[in-house]
Amino acid sequence: MANSSPEQGERAAAIRVQDRQARAMFLDLRRPESIAELVPAVRQAFGRIDILVNSVGIIRRGPIEAVSPEDRDAMMAVNLRGAFLLCRAVGRELIARKHGKIVNVSSNISQVLQPHRGTYAVTQAGLPHLTRVLALEWAPHGINVNAIAPAPTITELNRKFFEDHPEDLKARTQSIPLGRLGAPEDYVGVAVFLASRASDFVTGQTYFVDGGSNLI
Ligand SMILES: NC(=O)c1ccc[n+]([C@@H]2O[C@H](COP(=O)([O-])OP(=O)(O)OC[C@H]3O[C@@H](n4cnc5c(N)ncnc54)[C@H](OP(=O)(O)O)[C@@H]3O)[C@@H](O)[C@H]2O)c1
């Protein structure tokens, strides 16, 4: 578990309460030197790395013609360049062990377009392709690389935006055939599958867990 917020520290504590080991660490995906500290720190704390779940992302909304180069660069730096750097750092460790699972979190917006999120969509569309590329290159090393594409789900990423734009929230909900937004719990099953031996013969895939939004 690695990122910058105190909330992650609380989540790690909640895991430890259940008699499991967990540790929160600061990580800035924009900085390769920050990522470089992660692998040795995890190795020291837990002995090895088996699984990477990359669920990091930021969003800046607005019509394409109004998006600033700075906002575009910020999304690319975290969502796509950061994903590449993180997968590369952990992948080197998994290659050495000849075993491992990587799960990238992309978005249904990689296929299902939504207004005023175009630049974010481009970063998310890069993740399934990065996942396929890594899956092919690292298959000989016994590493499975897959992705999950969630539907809109109320989290810190969009809570305030949806509060301020109820019409957008309504449109997003109506765009999902199963009739509701996603909930964090909706992604647990596929994440556990992709992190477990049950998916040993699956690689390079992106699972749309999106209430059917990609059907229309
Ligand atoms: N929520 C949705 O509707 C939705 C839909 C489809 C896909 N997704 C994707 O799901 C993933 C998780 O998002 P979420 O909805 O759970 O949003 P979230 O609660 O905002 O989580 C995003 C995480 O990314 C971390 N982060 C941001 N910048 C970082 C950086 N430079 N270095 C390291 N960590 C950084 C954040 O840490 P801090 O809290 O410390 O900033 C936070 O833990 C993202 O990839 C997102 O694109 C979300």
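The values are calculated or read from the model by the stated rules, or taken from the named source; none is laboratory data. Small disclaimer: the values here were computed from a predicted structure and weren't measured. Here the Cβ positions follow ideal geometry from the backbone for every residue, glycine too, while neighbour counts run over all protein chains shown. These accessible areas exclude ligands, DNA and RNA; they are computed on the full protein's heavy atoms, side chains included. Shrake-Rupley method; radii C 1.70, N 1.55, O 1.52, S 1.80 Å.
Does Ile143 count as touching a Lys or Arg at 6+ places or on another chain (Cβ under 7 Å) and among the β-branched types (Val, Ile, Thr)? Here the answer is no, as Ile143 does not meet what is asked. Would you mind stating whether Ile58 is touching an Asp or Glu at 6+ places or on another chain (Cβ under 6 Å), open to solvent by less than 80 Å² (accessible area, probe 1.4 Å) and not in a helix (DSSP H, G or I)? The answer is no for Ile58. Out of all the residues in the stretch 192-215, which are within 26 Å of Thr173 (Cα to Cα) and among the hydroxyl-bearing types (Ser, Thr, Tyr)? Correct list: Thr206, Tyr207, Ser213. Over 30 Å from Arg172 (Cα atoms), among the β-branched types (Val, Ile, Thr) and modelled with pLDDT of 95 or more: is that true of Ile143 in this structure? So Ile143 passes the test.
Inside the stretch 17-34, residues that are hydrophobic (A, V, I, L, M, F, W, C), open to solvent by 100 Å² or more (accessible area, probe 1.4 Å) and assigned to a loop (DSSP other than H, G, I, E, B) make up a count of 1. Residues considered: Thr119, Thr131, Thr123, Thr155. Of these, the only one that is touching a residue at least 12 places away in the same chain (Cβ under 8 Å) and not in a helix (DSSP H, G or I) is Thr155.
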